[in-house]
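S.K.: Quick one: structure below, then a few questions.
The values are calculated or read from the model by the stated rules, or taken from the named source; none is laboratory data. Because the structure is a prediction, the values reported are computed rather than measured. Glycine also receives a Cβ, built like all others from the backbone with ideal geometry; neighbour counts cover every protein chain displayed.
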């Protein structure tokens, strides 16, 4: 930089003039970017990636690192980044995970009050395409709140999506997630009952169980076997409702409550690209979008999860 250029103009303008002459791939830009953004975000981002330990986490963080510097001008962004560095909690946890659960979805941006955090969630809703899981929205929640951390993974119990909110375990599900863990469903008894009734009948869906059953169908025998296969014991509410319009809601409630108890979660946080909903009781399954109601028995399923109800969240 020439002496004349240093002497003339404000300090800010002199720096801008100098940077304008640098090549796009100059390492100087990486250093400046790290100084502006990397410092305040480094600890929370590092914890997120280390806890998740997967390629999706890195992709989600890459998106956030590219987006955050564009949310506001640097004069507005710097205090926000400093607050992030100082451990300020931008997420209203009571709104995100109310103790009583939620009866309907809400906007992710409703969980924050400051304009920069709101703009981050609004950008995610507008720009992120093609992902079926919680994705960048989940990452943003974890980064913006020191009270949201990742619980230890335990694939055996289906806790891979666990987060800890104020020390309480919460399962995270994204759009098209299944309400079930890797718990085995022994279908042998159901298959034998179906084969004896009608050899051509290979499977039974939850929808079929919510309608009048075929004449002479061994209803009590079959649904009792289904309950034992899924829950390890007969569930009287499911047995009584089988073959009626109430069966779907009662079965889904039983699925949710068993999953919650078995995996030891306080609730399930369903996160879409722009909305979320927190469920703490199986009855609240009636208040969410169901993409697939699931099956009671389907021997050709590749995984047990494929038979479980599949949720949707915008």
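S.K.: One residue is enough: does segment 100-113 have a residue meeting the conditions farther than 23 Å from residue 285 by Cβ, assigned to a helix (DSSP H, G or I) and within 20 Å of the chain's Cα centre (by Cα)? If you could, list the steps in order and put the result at the bottom.
M.R.: Just the residues of segment 100-113 that are farther than 23 Å from residue 285 by Cβ, to begin with: 109, 112-113.
Now drop any that are not assigned to a helix (DSSP H, G or I), which leaves 109.
With the extra rule that they be within 20 Å of the chain's Cα centre (by Cα), the set shrinks to 109.
Looking for residues that are farther than 23 Å from residue 285 by Cβ, assigned to a helix (DSSP H, G or I) and within 20 Å of the chain's Cα centre (by Cα), one finds at least one in segment 100-113, hence yes.
S.K.: Restricting attention to segment 229-245, does a residue exist that is in contact with a strand residue (DSSP E or B) (Cβ under 7 Å, 6 or more places away or on another chain) and either in contact (Cβ under 8 Å) with a residue 60 or more places away in the chain or loosely packed, with under 14 Cβ neighbours inside 10 Å (or both)? Show your work before the answer.
M.R.: Pass one, segment 229-245, residues in contact with a strand residue (DSSP E or B) (Cβ under 7 Å, 6 or more places away or on another chain): none.
Scanning segment 229-245, I find no residue that is in contact with a strand residue (DSSP E or B) (Cβ under 7 Å, 6 or more places away or on another chain) and either in contact (Cβ under 8 Å) with a residue 60 or more places away in the chain or loosely packed, with under 14 Cβ neighbours inside 10 Å (or both), so the answer is no.
S.K.: Name the residues in segment 67-77 that are modelled with pLDDT of 85 or more, exposed (fewer than 14 other Cβ atoms within 10 Å of the Cβ) and in contact with a helix residue (DSSP H, G or I) (Cβ under 9 Å, 6 or more places away or on another chain), would you?
M.R.: Within segment 67-77, 70, 76 meet the criteria.
S.K.: Considering segment 261-284 alone, what residues qualify as being surrounded by fewer than 20 Cβ atoms within 10 Å (Cβ to Cβ) and without any contact (Cβ under 8 Å) to a residue 60 or more places away in the chain?
M.R.: 261, 283
S.K.: Out of the residues in segment 189-216 that are under 12 Å from residue 242 (Cα atoms) and touching a helix residue (DSSP H, G or I) at 6+ places or on another chain (Cβ under 6 Å), state the one that is surrounded by the most Cβ atoms within 10 Å (Cβ to Cβ).
M.R.: Step by step, filter segment 189-216, then rank; the result is 209.
S.K.: Do you know which residues across segment 151-163 are in contact with a strand residue (DSSP E or B) (Cβ under 6 Å, 6 or more places away or on another chain) and either modelled with pLDDT under 80 or in the same structural domain as residue 262 (by TED's automatic domain parsing) (or both)? Walk me through it before giving the result.
M.R.: To start, the set of residues in segment 151-163 that are in contact with a strand residue (DSSP E or B) (Cβ under 6 Å, 6 or more places away or on another chain) comprises 151, 161-163.
If the condition is that a residue be in contact with a strand residue (DSSP E or B) (Cβ under 6 Å, 6 or more places away or on another chain) and either modelled with pLDDT under 80 or in the same structural domain as residue 262 (by TED's automatic domain parsing) (or both), then 151, 161, 162 are the ones that fit.
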